[in-house]
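Computed from the coordinates by the stated procedures, all read-outs in this text should not be read as laboratory data. The shown structure was predicted, so the numbers you read here are calculated from the model rather than taken from an experiment. Reconstructed Cβ throughout: ideal geometry from the backbone, glycine too, with neighbour counts over all protein chains shown.
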Amino acid sequence: MMDILFGQSYYLRFDPKLWAAMQPYPPLGTLYAASYARSKGYSVALFDAMLAESEEEWGAALDQHRPRFACIFEDNFNYLSKMCLLRMREAAFTMIDMAKARGCAVIVCGADMTDHADLYLQRGADFVLLGEGELTLGELLDSLTGKSSQPLHGILGLATNAEYRIPNTQSSAPEIHPSSFILHPSHRPDIRDLDSLPFPAWDLVDVPRYRKLWRERHGYYSMNMVTTRGCPYHCNWCAKPIWG
């Protein structure tokens, strides 16, 4: 049994134009979150939706790893504009349903989740990470597993409408009990020292598959990296107000 199965809701297959262009990149934001969780002592696995055929492969990954927590990222490093979000929201809703049906506690994170936390909570997500997710995720996991005594209302950048009960064994998921409250604490400050985060968990990615697709289609191989977060521009239609 795995502690956390990470996945992202961007399926290249669902975007005919970009699927035809075939320039796939691994889910960098999700890899950062997985690496951070692993650095805190949690076992992690990755479902990479970028090259998946459908959400059914997410279901297969859930059955394979049997995680206590299903952590679904929108992965903001991989889409070109917020116009992609509606399809990603639909995929995330399906992924939430599949994880809940298997008894997982569901954590979601992304720009659309931050904008519309209430929609994701109503759909079945137990916790929404607002803004940058790594630090909030770490504190949430420690609280849920009993590694810390920090209460949910003390975690910055967290929205939830669930109460929880610490499990009796390390192998079982926390019991989630719906309640009437939703927490929207103060926005967690941006992470100023990005070097404090561990490198992305590249070992979770099927890099040879990416290399093969790039070389077959384009004759060369490209991978993604990020050296900063945020954007200096002010486009009215963008998600910049969320991410800074």
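Say the cut-off is 28 Å between C-alpha atoms; which of 17/100; 100/147; 17/212 go over it? In this structure, 17/100 exceed 28 Å between Cα atoms. Here the gap between residue 156 and residue 237, fully extended at 0.36 nm per residue and compared with their Cα-Cα distance, gives a gain of 26.5 nm.
Annotation for the stretch 1-65: GluC sites (Glu not before Pro) lying in DSSP loop with at most 14 further Cβ atoms inside 10 Å of their Cβ are 53. Proximity of backbone amide H atoms, modeled 1.01 Å from N, is registered between residue 158 and 130 at under 5 Å, excluding neighbours fewer than 5 places apart on the same chain.
Applying 0.36 nm per residue to the separation of residue 21 and residue 43 and subtracting their alpha-carbon distance, the gain on full extension is 4.4 nm.
Think of each Lys and Arg Cβ as +1 and each Asp and Glu Cβ as -1; about the Cα centre, that makes the dipole of the stretch 8-113 roughly 340 debye. Kirkwood Rh over Cα pairs of the stretch 1-52 into Stokes-Einstein at 20 °C, 1.002 mPa s: D in µm²/s? Answer from the Stokes-Einstein relation: 179 µm²/s. Counted by Cβ distance under 11 Å from residue 130, the other residues give a net charge of -1, where Lys and Arg count +1 and Asp and Glu count -1.
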